[in-house]
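The values are calculated or read from the model by the stated rules, or taken from the named source; none is laboratory data. Treat the numbers as computed from the prediction; the structure is a model and nothing was measured. Note that each Cβ is placed from the backbone with ideal geometry, even for glycine, and that neighbours are counted across all protein chains shown. Keep in mind that these areas ignore ligands, DNA and RNA; they rest on the heavy atoms of the full protein, side chains included. Shrake-Rupley method; radii C 1.70, N 1.55, O 1.52, S 1.80 Å.
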Amino acid sequence: MGKLTLILGGARSGKSAHARRLAEERGGRVVYVATAEAGDDDMRARIRRHRSERPAGWTTLEIPRGVAEVFTKDPPQADVIVLDCITLLVSNAMLAGTENEDPLDESAAEGRVESELNGLLRVVENGSADWIVVTNEVGSGLVPPYPAGRLYRDLLGRANQRLAARAEEVYWMAAGIPLPIHSFRNAPSAPSAGTRSRACS
């Protein structure tokens, strides 16, 4: 059974850099799973920068969604797998095939995200590699003013809770400093898949 490390924090808090450091320290064959899609010039520049920061010997897989399908069909040889990031994986799953939906079908979006996360956790459980997973905390700011934004915040928050409940290590990043969270094992259980949280939970 694979080990799971979760790294979360705000934007530009040093999450990806810490994930790279952990992967280098653990050594062995590293596979980097990138979930970003180059939708515009800014994102293309960000992707190029991230690529340049990775060690040359790492294998990079670009998987915007369907992580479980890729790893089940053709599992890579890896001792450590870095997934960067859940933030975009949830967004990609939530919005998949919704170009003509107005408004967004919330139930269908929840189902797609739940399926993505279930698959990912199944791959972690069934494999032997260490997983280092990066995600954002988006619930500490203002409430999004539009329904899709509120739905995304809720879906990502629940995904983070499920990952943290499964993880052996959880780090909170603040200004580039990794803060180990030691008490998460004693926290209340995360909500089960499909459980809708209350507005202020």
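Here r is the Cβ-Cβ distance between Lys3 and Ala175 and R0 is 22 Å; the resulting FRET efficiency, rounded to 0.05, is 0.25. For Leu4, the amide hydrogen comes within under 5 Å of the amide hydrogens of Trp131, Glu168, Glu169, counting only partners 5 or more places away or on other chains and with H modelled in the peptide plane.
Pairs of Cα atoms nearer than 8 Å and 6+ residues apart set the relative contact order; for the chain it is 36 percent. Give me the percent of Cα-Cα pairs in region 122-178 that sit more than 19 Å apart, rounded to a whole number. Roughly 42 percent, rounded to a whole number. Using a simple spin-label model with pseudo-atoms 7 Å out from Cα toward Cβ, Asn100 and Glu62 lie 2.7 nm apart.
If you take the alpha carbon atoms of region 33-184 and fit the smallest convex hull around them, that volume is 144 Å³ per residue.
Rounded to the nearest 0.05, the FRET efficiency derived from the C-beta distance between Arg122 and Asp41 at R0 = 41 Å is 0.70.
Ranking Ser16, Ser52 from most to least accessible surface, computed with a 1.4 Å probe over the protein chains only, gives Ser52, Ser16. Taking Cβ atoms as reference points and 13 Å as the exclusive limit, the residues near Thr60 contribute a net charge of +2, counting Lys and Arg as +1 and Asp and Glu as -1.
Surface exposure of the chain, expressed per residue as accessible area with a 1.4 Å probe, stands at 54 Å². For the pair Ala108 and Arg26, what calculated FRET efficiency results from E = 1/(1 + (r/R0)^6), where r is the Cβ-Cβ distance and R0 = 35 Å, to the nearest 0.05? Between Arg26 and Ala108 the formula returns 0.40.
Taking the inverse of the mean reciprocal distance over all distinct Cα pairs, the Kirkwood hydrodynamic radius of region 1-103 comes to 15.0 Å. Count Lys and Arg as plus one, Asp and Glu as minus one, and take only other residues whose Cβ is under 10 Å from that of Ser91; the net charge is then 0. Summing charges over neighbours of Ala174, with a neighbour being any other residue whose Cβ is under 15 Å away from its Cβ, gives +1 when K and R count +1 and D and E count -1.
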